[in-house]
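The values are calculated or read from the model by the stated rules, or taken from the named source; none is laboratory data. In this text, all values refer to a predicted model and were calculated from it rather than measured experimentally. Virtual Cβ from ideal backbone geometry, glycine too; neighbours counted across all protein chains shown. Keep in mind that these areas ignore ligands, DNA and RNA; they rest on the heavy atoms of the full protein, side chains included. Shrake-Rupley method; radii C 1.70, N 1.55, O 1.52, S 1.80 Å.
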Amino acid sequence: MATYKKRGFKPKTKVEKQQNIEDGSTTAEVFNTLDETASKTEAFVEKNQKYIFIIIGVVAAVVLGSLGYKEFISGPKQTAAMNDMFQAQKYFDEATTAVAKDSLYTLALNGGEGKFGMLDIINEYGGTDAANLASYYAGTAYLRLKDYKNAVEHLSDFKSDDEILAPLAKGNIGDAFVQLNQPEDALGYYEQAAKMRDNEYTTPMYLYKAGNIALDLGKADKALSYFERIKADYPSATEAANIDVFIGKAQVLASK
């Protein structure tokens, strides 16, 4: 049974005295060990305190620098970029529905009325979300202006997790490669665009485009799988309206 000794306990027998000596010895060893460890730690700190303070200073500088950058540089820079991009985005939006599309897309790219264009935003505000978005607008504007190489370049610079914009950017690159007569590259980007997100808009659209390019490349089995997926998973999509015709065509070519 476990016991404990009351304060003021005095050993009476020889055994108790011996036990007391041993207990005291063990306790002393523990404290001696702790003292030695503490002394070694103090000695290490004293010897290396210069380097320790440098490390702490560097870590603090990085943390504070990051916070300061976001607070005083990155945040205001992003706000300024979005403000400067407003007119260029307005030109782009107007171009999608206007008759004189080319002139408006050109204004969206290069600016007008003393305001920045998308290319200015990219150059002046690199690293901001606004500059990244400007790459998408610039690439799409070049695509509409039939400048396909610049379209590929700028759309490739665009990075996003957005449900719609991310696959649209990939798909637009595919469209540019079709016009550049590079169907294998186009197929690859259409397939990426179809896989990036699963929604009723971009997924069936790029499955359909991938299927047609695959047919042109003699890859009927692959085309058939894309067309059949549209019919099975996206029956309400625009691309599903005449999908049986494409399925039939792919089946005939696949059987040869």
So what is the accessible area of the stretch 203-256 per residue, in Å², with the probe set to 1.4 Å? 52
Keeping every protein chain in place, order Thr79, Thr140 by accessible area at 1.4 Å, biggest value first, i.e. largest first. Thr79, Thr140
Two pseudo-spin positions, 7 Å from Cα along C-beta at Thr238 and at Leu253, lie apart in nanometres by 2.2
Determine the share of the stretch 127-256's accessible area contributed by carbon and sulfur atoms, expressed in whole percent, with a 1.4 angstrom probe. 48
Take a quick pass over the stretch 113-256 and tell me how many lysine pairs come in under 16 angstrom between Cα atoms, counting only ones 8 or more apart or on separate chains. 17
Projected label distance in nm at Asp129 and Leu165, using a 7 Å step from Cα toward the beta-carbon: 0.9
Size-normalised alpha-carbon gyration radius of the stretch 170-256, reference 2.2 N^0.38 Å: 1.00
Residues of the stretch 71-174: accessible area per residue with a 1.4 Å probe, Å²: 50
For all pairs of alpha-carbon atoms in the stretch 97-216, what percent lies in each bin of width 5 Å, listed from the first bin to the last filled one? 2, 13, 20, 20, 20, 14, 8, 3, 1, 0
In nm, the gap between the two label points placed 7 Å beyond Cα toward Cβ at Leu217 and Lys149 is 2.3
Going from most exposed to least, what order do Asp221, Asp161 have by accessible area with a 1.4 Å probe? Asp161, Asp221
Exposure rank, largest accessible area first [Glu113, Glu153; 1.4 Å]: Glu113, Glu153
